[in-house]
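Structure record follows, encoded as structure tokens.
Computed from the coordinates by the stated procedures, all read-outs in this text should not be read as laboratory data. Please read these numbers as outputs of a predicted model, since none were measured by experiment. Glycine gets a Cβ as well: all are built from the backbone with ideal geometry, and neighbour counts include every protein chain shown.
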Amino acid sequence: MMNNTLKAVLLTSMLPFAASAADGMSPWYVGGGVGINNYQPNCDQKTMKTCGEDDPYAWDVFAGYLFNDYFGVELGYRDLGRAQWVDYSNKLNDVGAKGMNLGLVAFWPFAGDWSLSAEAGAFNYIISNNKQWGAEYYSDNGVAPYVGAGIGYNITDNLKIQAKYRRYENLDEDKWKTLEMESNYWGLELSYRFGSKAKPAPVVAPLIVTDSDNDGVNDDMDQCPNTPSTHQVDNYGCTIYEETEYTFDLEANFKNNSAKVEPSSLGDIKVLADFINQHPDAKVLISGHASNTGSPAYNMKLSERRAAAVADILINQYGVAPAKVTSKGFGITQPLIEGSSAEANRVNRRIEAHVTGTEKAAVLK
């Protein structure tokens with residue numbers, strides 16, 4: 001029989017251990033069980049004459065605390081049922097044990113939601129005998145060790161069912177030393193664990209950042225794909241442009257006293273036409289000039305005809321819009337070389353094209 005010191009140690013061994021709840025589940029659980037209990041030696045005791053009708057149904061309630069997913073402690077109350085027999089004095093004995101239990105439990109999960117369990121602890125029992133239907137009642141108490149094993153299944157994260165076997169030793173009555181019993185218990189238990197499992201964080205696919213045209217703006221924001229890598233771009237991946245002015249000077253030579261464009265000048269005029277047609281905002285002023293021979297009035301008219309001749313070629317031969325072409329004669333008012341030498345006359349007898357406008361030019365890195 002265990003002494004009082006051992007009883008105190010067993011019944012106060014549930015210390016306030018710190019255990020964190022795994023996956024959001026509480027370490028606390030409660031439950032209850034029902035089963036069948038068989039006292040031994042029962043009908044084999046030397047004081048027994050015949051066996052009576054037993055009431056073998058046992059039940060228990062309990063609360064538990066898990067230190068982790070594999071180890072915990074349980075505190076509960078158990079009623080192991082009753083057994084009857086008639087002793088050699090022809091008196092009916094009706095014996096049963098019940099009381100508080102405290103024990104350690106261990107779990108081994110396997111095969112998904114299945115688990116095995118083992119337990120060991122102490123049963124602080126009261127054993128009583130309602131002898132002769134209560135005419136001779138006596139009882140005693142003590143602490144009996146027990147061990148057990150089981151197999152369980154997690155119905156849900158919170159609900160668990162287990163099949164249990166327990167063996168109790170030394171269920172003794174020491175006052176009159178009339179009872180020395182053991183017990184075998186088989187039953188089912190249902191337990192509920194508090195809390196709920198934390199939902200796993202959603203798996204976020206890694207963000208793949210691409211910049212196909214290497215302009216520094218990711219494709220998901222790039223509104224102007226395939227921008228040249230040498231261009232400066234805005235926040236949307238589009239080329240940044242700046243306004244630039246341009247001019248285009250053309251010289252077309254004429255024979256003396258003639259307004260007919262020399263064939264040698266047609267190539268330069270075509271280049272001018274192509275340039276204007278490629279720049280929608282470009283406009284051209286064709287200015288005619290004469291050499292310093294003859295009267296100024298005649299030379300003014302001649303310069304006007306020369307300018308008009310070039311404008312006509314631009315419009316009618318090379319397709320420049322009429323609205324973009326203006327012609328004007330300046331006579332001898334703007335000579336390049338003063339005087340009336342052969343060289344001065346050749347140079348001053350000319351056409352100049354003044355192209356004005358602006359164009360968008362890409363800003364380079």
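General observations
- Taking label points 7 Å from Cα along the Cα-to-Cβ direction, Ala201 and Trp176 give a separation of 7.0 nm.
- In the set (1) 56.9, 170; (2) 19.7, 59; (3) 21.1, 78, the label that goes with Rg and Dmax of the Cα atoms in Å computed for this structure is (1).
- Point-to-point label distance, Asp281-Tyr138, nm (Cα→Cβ direction, 7 Å offset): 12.1
- Label-reachable residues, segment 251-265, where backbone N falls under 15 Å from a point 7 Å from Ala342's Cα toward its Cβ: 256
- Dipole magnitude of the chain about its Cα centre (Cβ charges: Lys, Arg +1; Asp, Glu -1), debye to nearest 20: 840
- For segment 129-173: relative contact order, % (alpha-carbon pairs under 8 angstrom, 6 or more apart): 36
- Secondary-structure-derived ellipticity at 222 nm for the chain, considering helices only, amounts to -4000 deg cm²/dmol, per-run term -39500 (n - 2.57) for DSSP H runs with n ≥ 4.
- This model, with +1 at the C-beta of Lys and Arg and -1 at the C-beta of Asp and Glu, gives segment 226-365 a dipole about its Cα centre of some 600 debye.
- Under the span-like rule (Cα at least 15 Å along the axis, Kyte-Doolittle mean at least 0.5), DSSP H helices of the chain: 266-278
- Looking at segment 96-135, the chymotrypsin sites (Phe, Trp or Tyr not before Pro) that sit in a DSSP loop and have at most 11 other Cβ atoms within 10 Å of their own Cβ are Trp133.
- At R0 = 25 Å, FRET efficiency that the Cβ-Cβ distance of Gln317 and Asn256 yields, to 0.05: 0.55
- Relative contact order for the chain: 13 percent, from Cα pairs under 8 Å spaced at least 6 residues apart, divided by residue count.
- Over segment 158-272, relative contact order from alpha-carbon pairs under 8 Å, at least 6 apart, %: 14
- Note that segment 280-294 has calculated 3J(HN,Hα) couplings of x, 8, 7, 10, 10, 10, 8, 10, x, 9, 10, 7, 8, 10, x Hz, one per residue in order, obtained from phi through the Karplus relation 6.51 cos²θ - 1.76 cosθ + 1.60 (θ = phi - 60°); glycine and proline are x.
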